[in-house]
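These notes concern the structure reproduced below.
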Amino acid sequence: MSRSVQETIEKKLRTAFNPSMLDVINETYLHAGHRHVNGSSFDGSGETHFRIRIVSRVFSGMKRIERHCAINHILEIELNHHIHALVIEARAPDE
């Protein structure tokens, strides 16, 4: 049985960052009706738009852009093949 995109994201982030808090939220349905460049309409199904809320000690001392780059690197395959939009809220535990 293959994993969903959301499950893959969660597993990769847990392995890479050992977070004290992690929420991976599929927000694809919020984009139903949006138009593509070719004029077609998106039906809001599937797993293409996500919001990640993550708290990890790994992010201590990192700038926001560094945190985003680290997450993007871990999710490179998903970003290249599955994810259309990704919102990242990454914090260190003391923030």
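Each value in this text was obtained by applying a stated rule to the coordinates, not by laboratory testing. Fair warning: this is a prediction, and the values are worked out from it, not measured in the lab. Reconstructed Cβ throughout: ideal geometry from the backbone, glycine too, with neighbour counts over all protein chains shown.
Counting Lys and Arg as +1 and Asp and Glu as -1 over every other residue whose Cβ lies under 12 Å from the Cβ of R51, the net charge comes to -2. Approximating the spin labels as points 7 Å out from Cα along Cα→Cβ, the A16-to-I77 distance works out to 1.2 nm.
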